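Participant: Here it is, the structure, as structure tokens.
The values are calculated or read from the model by the stated rules, or taken from the named source; none is laboratory data. A quick note: this is a predicted structure, and the numbers were derived from the prediction, not measured. Note that each Cβ is placed from the backbone with ideal geometry, even for glycine, and that neighbours are counted across all protein chains shown. These accessible areas exclude ligands, DNA and RNA; they are computed on the full protein's heavy atoms, side chains included. Shrake-Rupley method; radii C 1.70, N 1.55, O 1.52, S 1.80 Å.
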Amino acid sequence: MQFGIFSVSDITRDPVSGATPSEAERIEAIVQIARKTEEVGLDVFAIGEHHNPPFFSSSPTTLLSHIAALTERLIVTTSTTLITTNDPVRIAEEYAMLQHLSKGRMDLMLGRGNTAPVYPWFGQDIRKGLPLALDNYNLLHRLWREDVVDWEGQFRTPLQGFTSTPRPLDDVPPFVWHGSIRTPEIAEQAAFYGNGFFANHIFWPTSHSLRLIEFYRQRFEHYGHGTKKQAVVGLGGHAYIAKRSQDAYKEFRPYFDEAPVYGHGPSLEDFSTMTPLSVGSPQEVIEKTLTFHDAFGDYQRQLFLIDHAGLPLKTVLNQLDLLGEEVVPVLRKELESRRDPESAAAPTHAGLVEAKYGDRPARQPRPNANRGDNVTGASPYQDSDVEAEYPSLG
């Protein structure tokens, strides 16, 4: 079981102090949060992808490469990589590079994105978001598994004899999660490819997330990737922790009340009752999180949102201390005691390498000589017998 933090990278006015951090301050803060995540013993740090104010994370691979260089064992990942408005060729290249630079300490979560104006900024139409997500991932999946790809789809120019570089580390593609709040087609996609499924699990009751996860598990088994127990599931969650429950509610209330996604709706108490939001003492957060296992059974990754709605850096770092010292150690022990031995292990690069190669050495692709134009030759790699046909340059 992996535990970690995910951020949507919002830059929000602090309703208590009245201050809004600059982009520079927020970027520096998120690096400190990521480093603290490793320091307190958590496993994963995830960042979203946004291309509009008030968010800062328009280039997740740049940020995660920096964080990977500053940490030793932390898995860096995304809480959304936009499969719809990014070119899958660029995703293949950039995340393979991140995989190499992090020495395999990475994966990524693909999502459609629900900010309508972003689509035309990148030449796309949100009304085609679902077919874009399906078509683009079909290409990305192949780019990481085939040295030479011929491909034609609905939304980008065809590829003929194309090689994505660098090849994945050890010729093992990064693990992919497909994230969704409400779309069964995305759960179906995750199941079809044998990938992981991540439920946001913040705004909706547990029963809503359970329907999607159960559907994913059934389809995972249907496609022959293993039993339902071997499907790989991740959950989000939002927590605010204080030593005493009454202090947690008192401290978090002004942030909740003014939060762009929470404020001016149900009360904090009602929202905490109706949804997975966990507010309270360490023991109360432990008990609330264990109800996730009661509902979903074994799952492989739990990420907490703790830096949302303008919370100051000092408060976020204190949340991490409480998570690392008092909450996660208890959850690890309790969830391990409940774990079915047939359940899938949490995804890691080492595990994927072992699954592919066993005791054999991993492939290390070595290119053939360049003939001068980078697009000629029967095979791009010395150990490959692929017969490639390249487009005419004449």
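Participant: Pull up all non-local amide H partners of V279: gap of 5 or more, or a different chain, and H-to-H distance under 5 Å with H placed in the peptide plane.
Facilitator: Y240
Participant: Compute the distance from the alpha-carbon center of segment 25-43 to that of segment 148-196, in whole Å.
Facilitator: If you average the Cα positions of each part, the centres end up 29 Å apart.
Participant: Choose one answer from V279, V172, V118: the residue with the largest mean-square fluctuation in a GNM of the chain with alpha-carbon springs under 10 Å.
Facilitator: Most flexible of the set in this elastic network: V118.
Participant: Can you run phi through the Karplus equation (6.51, -1.76, 1.60; θ = phi - 60°) for segment 295-305 and list ³J(HN,Hα) in whole Hz, with x for Gly and Pro?
Facilitator: 7, 9, x, 5, 9, 9, 8, 10, 10, 10, 8
Participant: Would you look at the GNM of the chain, springs on alpha carbons closer than 10 Å, and say which of I75, I47, I181 moves the most?
Facilitator: Answer for the Gaussian network model of the chain: I181.
Participant: While we're on this one: Which whole-number percentage describes the relative contact order of segment 190-291, with Cα contacts under 8 Å and a sequence gap of 6 or more?
Facilitator: Result for segment 190-291 is 30 percent.
Participant: Right, here's the next one. I need the peptides 234-242, 355-363 ranked by packing, meaning the mean over residues of other C-beta atoms within 10 angstrom, with the highest value on top.
Facilitator: Ranking, from highest mean packing down: 234-242, 355-363.
Participant: For I286, what accessible area in Å² do you get when you roll a 1.4 Å probe over the heavy atoms of the protein chains, rounding to the nearest 10?
Facilitator: It works out to around 10 Å².
Participant: Apply the Karplus curve 6.51 cos²θ - 1.76 cosθ + 1.60, θ = phi - 60°, to the phi angles in segment 61-73 and return the couplings in whole Hz, x for Gly and Pro.
Facilitator: Couplings: 5, 5, 4, 5, 4, 4, 5, 4, 5, 9, 10, 10, 10 Hz.
Participant: Show me the ranking of peptides 245-251, 18-24 by mean Cβ neighbours inside 10 Å, starting with the highest.
Facilitator: Result, highest mean Cβ count within 10 Å first: 245-251, 18-24.
Participant: In what order, largest first, do S207, S102 sit by accessible area if the probe radius is 1.4 Å?
Facilitator: S207, S102
Participant: Ok, one more. Please list, ordered by chain and number, the residues whose modelled amide H lies under 5 Å from the amide H of F304; skip anything fewer than 5 residues away on the same chain.
Facilitator: Those qualifying (amide H under 5 Å, at least 5 residues apart or on another chain) are G4, I5, F6.
Participant: Ignoring ligands, DNA and RNA, what accessible area per residue does the chain give at 1.4 Å, in Å²?
Facilitator: So the chain comes to 45 Å² accessible per residue, rounded to a whole number.
Participant: Long-range amide H contacts for S57: which residues qualify at under 5 Å (H placed 1.01 Å from N, peptide plane, sequence gap of 5 or more or a different chain)?
Facilitator: So S57 has HN proximity to H50.
Participant: Also, quick follow-up: Assuming a strict under-19 Å limit between Cα atoms, what lysine pair count do you get for segment 2-357 once near-sequence pairs (fewer than 8 apart, same chain) are dropped?
Facilitator: 7
Participant: List the relative contact order of the chain as a percent without decimals, with contacts defined as Cα pairs under 8 Å and 6+ residues apart.
Facilitator: 18
Participant: Okay, next question. Work out how much length W121 to T20 would gain on full extension: take 0.36 nm times their residue separation and subtract the Cα-Cα distance, in nm to one decimal.
Facilitator: 33.7 nm
Participant: Separate question: Give the accessible area for K128 in Å² (nearest 10); use a 1.4 Å probe, count only protein heavy atoms, and leave out ligands, DNA and RNA.
Facilitator: So the heavy atoms of K128 present about 100 Å² to solvent.
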